[in-house]
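Step one of this worksheet: look at the structure below.
The values are calculated or read from the model by the stated rules, or taken from the named source; none is laboratory data. This is a predicted model, so every value here is computed, not measured. A quick note on method: Cβ atoms are made from the backbone with ideal geometry, for glycine too, and the neighbour counts reach across all protein chains shown. Surface areas here come from the heavy atoms of the whole protein model, side chains and all, with no ligands, DNA or RNA. Shrake-Rupley method; radii C 1.70, N 1.55, O 1.52, S 1.80 Å.
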Amino acid sequence: MSIPAPKTGSRAVRCQLLPFLSVCRPVLAALALGCAALMAPSVSAAKWDPIDPADLAATESTSFPSVDVEILLSTHELNEEGSADMGGTRLTSSNFIRAKIYTAKGVEDLGKFRIRFHSDNAVTETAARVVKRDGATRDLKKSDIFESVVGKVRGQGEMKQLTFVFPGLEPGDVVEYRWTARLGSELWLQSFFCQEEFPVREYRLRIGDMRCRGTVHWLNCPKAETDERGGFEVVLRNLPAFEDEEYAPPHHEIRGVIYVAKTFPMYSNDKAIWKELSVYWGDAFNTATRPTGSIKKKATALTADAATDDEKLRRLYGFCQNEILNTGRRTSGALQAEIEKHRWESAFSAEKTLEKKFGRTDEINQLFAALARALGYEVRLACNASRDVMYNVSIPNGWAFIYQNHTVAVNVGGDWRYFDPGFPLLPYGMTASSAEGATTLLCNTKKVENGTIGVSKSADNRTERKGRFRLDADGTLEGQVEQVFRGHLAVERKDDNWSTSLEESTKRFTEEITNRLPNAEVSQVTWSNLDTYLHPLTVRYHVRVPGYAEQVGKRLVFAPGFFEAGRPVVFAAAERKFPIVFPYPREEHDDIEIVLPEGYALDKPSAPTPVGELSGAFGAAYNLQYTGKTRTFSFRRDFALGANGAFAFRPESYSTLKNLFELLRRSDTHSIMLKPKEKPVAAAPATETTQPAATAQQ
């Protein structure tokens with residue numbers, strides 16, 4: 001199902017800022033973040049404005065009664081520092097927040113304040129304080145602010161988090177924070193979420209003195225006030241709290257946001273800019289991927305005995321992904337100095353990448369494109385917004401969002417196919433999940449042309465889970481497990497492992513199991529293909545779970561669905577505001593065998609109820625068997641989400657989807673009861689008792 005445009009009433013207003021002092025043509029380098037080294041956060045001796053006594057004395061918000069926390073004032077200013085003559089410029093944002101705590105829950109919610117930023121940027125000039133109702137103040141110390149790594153951006157390094165910790169907060173306190181963030185070297189696109197998890201009484205974003213002209217737009221917001229004196233300022237008042245939901249669209253689609261995009265005064269409208277980008281990027285891409293003699297020779301050698309288009313492209317893809325060192329993912333001591341020197345330079349040509357045998361993600365993709373062109377294929381640079389950020393780029397300056405994902409489009413028999421060998425973990429034939437289903441600009445030197453990147457099938461993203469267990473009379477479950485991950489399910493785990501150790505990856509995986517089964521004892525964890533491009537990804541381990549089966553009198557009760565036991569409820573909320581968007585279609589296939597304790601028999605077993613349709617948008621089927629001779633209880637489960645290609649749903653579908661997940665949980669946690677065997681009156685001849693215990697198939 002297609003994703004609808006946000007129903008919050010998107011608004012966009014164009015307001016030109018200061019004029020160019022120098023006109024800059026759009027270039028790919030402008031899309032990259034700046035490369036300043038991360039600076040340690042500092043606590044500065046800030047000067048604070050006085051707080052209105054009425055705000056200090058308030059016991060409840062006048063605009064949002066009964067809230068726990070209210071942001072009284074949130075101000076942000078985007079400026080440009082430095083000059084072209086003095087080593088270049090850099091964007092900075094100066095930020096200030098003043099919040100009022102009304103309740104004990106508010107103390108808990110605001111006891112820690114967090115700022116997230118990219119590792120190539122820096123957060124400086126940090127300061128914070130608490131103001132009591134009587135006006136007494138307490139400034140945070142340096143030890144009250146600490147930094148941590150919270151994640152990675154594909155091919156772009158780490159995301160970090162700065163946390164302000166406030167001990168001793170009380171209802172009635174006012175908390176103030178101030179920090180400066182160093183951003184990219186040139187304005188292309190900067191976004192500021194004006195809607196927070198707490199209501200905001202007043203939000204201000206000011207654009208200061210900048211060389212380049214820009215435009216300011218806002219989405220999912222109420223009517224704004226603007227002021228163009230000495231720059232440009234947007235003011236929004238009484239913004240309600242933003243309440244996130246499970247599997248919601250990207251925040252740019254549903255949350256109040258102000259974005260500032262670079263503009264080009266030589267072009268009269270967005271349509272002209274789209275065309276210029278298509279022509280300019282297409283021309284640069286064609287130049288960089290021109291198939292030289294060495295490229296043609298390599299392409300011919302790689303595909304000498306390949307008979308089909310698919311086999312030819314698969315070989316080119318495999319060579320680029322596996323034989324060219326990806327400097328964003330792997331490195332070597334001998335190449336380190338050269339790699340660091342090249343990191344922020346202009347891209348190599350495809351011929352140079354082939355010669356060097358290493359390159360960045362974009363350079364590896366260009367080499368693949370050149371090899372494909374050498375075989376006579378029509379090839380384009382495909383640019384689209386990441387689905388993690390924005391679906392609908394048909395908004396003012398929507399072109400500014402298309403830099404997040406670049407793939408290579410190859411025309412095969414009249415159809416465009418999309419490839420990304422520069423992402424070394426991605427199997428042939430797939431694009432990143434953040435690109436699937438996205439509208440893309442097929443950069444063309446003659447006209448504006450769009451395409452749509454295909455979506456992977458549920459069978460492409462499947463997990464195969466096998467368990468061989470023994471259940472003891474005391475309720476302990478113990479055995480060997482094997483889990484196989486394919487497609488995006490494998491890529492995500494490999495990607496998480498990229499910047500960490502094998503021990504840390506194993507620890508995280510073990511915690512996944514113990515979080516849902518607190519008594520579980522996990523050991524002997526081994527991985528296959530965790531740190532390689534090879535697929536699938538496999539993990540094997542031994543597990544022991546005391547008390548897995550519950551003792552009810554003389555009976556034992558257990559859920560045969562080991563892999564779903566203890567999982568949290570999906571969609572607990574009674575109502576839904578936003579569309580439901582799953583990352584991609586997927587499947588799960590479980591094969592479980594449990595040897596039951598001696599001296600016990602099945603007590604009127606039944607099978608879980610099938611749910612939905614396996615070939616449709618949502619479905620699960622179950623099959624149970626029991627072999628008396630070996631006391632082996634077998635459980636088979638098949639689940640599919642989006643087998644028909646649907647992985648996004650309108651809010652109106654929420655009640656149906658919620659009900660399906662409730663039925664799925666009920667069937668996944670279906671219990672089997674065992675009872676002690678009655679002592680036989682007389683010996684009976686042995687017979688084979690293999691038979692279905694219960695069957696429920698879709």
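Looking at region 365-397, which of its residues are hydrophobic (A, V, I, L, M, F, W, C), open to solvent by less than 20 Å² (accessible area, probe 1.4 Å) and touching a Leu at 6+ places or on another chain (Cβ under 9 Å)?
Leu367, Phe368, Ala369, Ala370, Leu371, Ala372, Leu381, Ala382, Cys383
If a residue has to be in a strand (DSSP E or B), closer than 21 Å to Ala372 by Cβ and open to solvent by 10 Å² or more (accessible area, probe 1.4 Å) to count, how many in region 408-450 make the cut?
Count: 7.
Taking Trp498 as meeting all but one of (1) open to solvent by 60 Å² or more (accessible area, probe 1.4 Å); (2) under 28 Å from the mean Cα position of the chain (by Cα); (3) of a type outside the set (Val, Ile, Thr); (4) at pLDDT 95 or above, write down the number of the exception.
Among (1) open to solvent by 60 Å² or more (accessible area, probe 1.4 Å); (2) under 28 Å from the mean Cα position of the chain (by Cα); (3) of a type outside the set (Val, Ile, Thr); (4) at pLDDT 95 or above, Trp498 violates only (4).
For region 224-238, which positions are open to solvent by 20 Å² or more (accessible area, probe 1.4 Å) and without any contact (Cβ under 8 Å) to a residue 60 or more places away in the chain?
Scanning region 224-238 gives Glu225, Asp227, Arg229, Gly230, Glu233, Arg237.
So which pairs qualify, if the first residue must be in region 516-535 and farther than 20 Å from Ser501 by Cβ and open to solvent by less than 80 Å² (accessible area, probe 1.4 Å), the second must be part of a loop (DSSP other than H, G, I, E, B) and at pLDDT 90 or above, the Cβ gap must be under 7 Å, and the two must be at least 6 apart or on different chains?
Arg516/Ala565; Arg516/Gly566; Arg516/Arg567; Leu517/Ala565; Leu517/Gly566; His535/Pro427; His535/Arg486; His535/Asn529
Which one of the conditions (1) part of a loop (DSSP other than H, G, I, E, B); (2) at pLDDT 95 or above does Gln480 fail to meet, given that it meets all the rest?
In the conditions (1) part of a loop (DSSP other than H, G, I, E, B); (2) at pLDDT 95 or above, Gln480 misses (1) alone.
I'd like to verify a number: residues in region 109-161 that are surrounded by fewer than 19 Cβ atoms within 10 Å (Cβ to Cβ), at pLDDT 80 or above and either of a type in the set (A, V, I, L, M) or not in a strand (DSSP E or B) (or both), how many?
Here the count works out to 11.
Scan region 628-659 for residues that are outside any loop (DSSP other than H, G, I, E, B), open to solvent by less than 40 Å² (accessible area, probe 1.4 Å) and over 16 Å from Ala248 (Cα atoms) and jot them down.
Thr632, Phe633, Ser634, Phe635, Arg637, Phe639, Ala640, Leu641
Please pick out the residue among Val235, Val279 that is aliphatic (A, V, I, L, M) and farther than 30 Å from Leu367 by Cβ.
Going through Val235, Val279 in turn, just one is aliphatic (A, V, I, L, M) and farther than 30 Å from Leu367 by Cβ: Val235.
Would you say Ser185 is among the hydroxyl-bearing types (Ser, Thr, Tyr), in a helix (DSSP H, G or I) and either closer than 30 Å to Arg380 by Cβ or open to solvent by less than 60 Å² (accessible area, probe 1.4 Å) (or both)?
It is false that Ser185 is among the hydroxyl-bearing types (Ser, Thr, Tyr), in a helix (DSSP H, G or I) and either closer than 30 Å to Arg380 by Cβ or open to solvent by less than 60 Å² (accessible area, probe 1.4 Å) (or both).
Can you tell me which of Phe285, Phe319, Phe242, Phe264 is under 32 Å from the mean Cα position of the chain (by Cα), within 30 Å of Phe661 (Cα to Cα) and among the aromatic types (Phe, Trp, Tyr)?
Phe242
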